[in-house]
Amino acid sequence: MNNIAVKVNDLTVAYHKKPVLWDVDLEIPEGVLMAVVGPNGAGKTTLIKAMINLIKPITGRTLFWGEPYQNNRKRVGYVPQRGSVDWDFPTSVLDVVTMGTYGKLGWFKRPGKKEKQKAIEALKKVDMLPYADRQISQLSGGQQQRVFVARALVQDSDIYFMDEPFQGVDVKTEKSIVKLLEELKNNGKTVIVVHHDLQTVTEYFDWVTLLNTIIIDYGPVKKTFTEENLKKTYRSPLDSFYKNKGK
Ligand code: ADP
């Protein structure tokens, strides 16, 4: 078994006192390409945000290689949902991607030639180099998504969290993002992706977490992505609650 990259213990998160994640335990080995699936409102985005300290849980904690997030911040990359970002902010595609390298620079160091070059290479990888000077407000949804992925690539992290990277992209872009994710995995990176298309889970991922407020199951796709588990995941969380209570 590989080393454990991420370990989640007893994680419970609530908004306005209503729990949206309940007692989550997870162990994610290094080097997996893992989908997080579950119905709308299952808590997928909340799980990722809580893992990287963007949301404070009621209880529980997440460790990266056995240590808190703060100690490993630079090794963890995050691609948020496209819709959660202000795309009217007046900045160019190249600048957004170059900013991704900031984590690696020390205080008061400005990105120089090396960082720009890295950003250019990442833009090439996602086929966005011709748009380098364009304002981000003038991009299509799919192009925005590719800029996000390029930004994550220049961070050169060891773990990547991506929240629905295929949302709003065409088939060709989806395939090229999948290729990049596979490349990351082949380079030993751990990639965790919120994903809503059940049809492609087996094709794109080797690990899966099934979530609906509680963790239904997680592990290798072959073993975990079963009809029975899917049924449990896509019925209402209260069903499983009552079942556990023997009602
Ligand atoms: P998913 O990503 O699986 O669709 P989310 O994590 O976005 O689920 O949301 C889980 C639940 O938490 C949903 O019922 C959602 O309405 C609620 N929720 C998410 N964000 C907030 C928030 N900022 N304030 C209040 N409720 C929220």
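Observations on the model:
- Ranking of Trp65, Trp207 by count of other Cβ atoms within 10 Å, fewest first: Trp65, Trp207
- Mean separation of Cα contacts under 8 Å (6+ apart) over length of the chain, as relative contact order %: 26 percent
- When the stretch 115-247 is described by a simple charge dipole with +1 on each Lys and Arg Cβ and -1 on each Asp and Glu Cβ, the residue from Met162, Asn186, Leu139 located farthest towards its positive end is Met162.
- By other beta-carbon atoms within 10 Å, ranking Glu115, Glu27 with the fewest at the front produces Glu27, Glu115.
- Crossing angle, helix 113-125 versus the chain [Cα axis fit, 0-90 degrees, rounded to tens]: 60 degrees
- Helix-only CD estimate at 222 nm, as mean residue ellipticity for the chain, using -39500 (n - 2.57) per DSSP H run (n ≥ 4): -10000 deg cm²/dmol
- Assuming charge only on the beta carbon of Lys and Arg (+1) and of Asp and Glu (-1), the dipole of the chain about its Cα centre is about 520 debye to the nearest 20.
- Using Cβ point charges alone (K and R +1, D and E -1), the dipole size of the stretch 75-166 about the Cα centre works out to roughly 460 debye.
- When the Gaussian network model of the chain links Cα atoms closer than 10 Å, the mean-square fluctuations of Arg61, Arg151, Arg134 top out at Arg134.
Throughout, read-outs are computed from the coordinates displayed, never taken from laboratory work. Not measured: the values here are computed from a predicted model. Backbone-built Cβ (ideal geometry, glycine too); neighbour counts: all protein chains shown.
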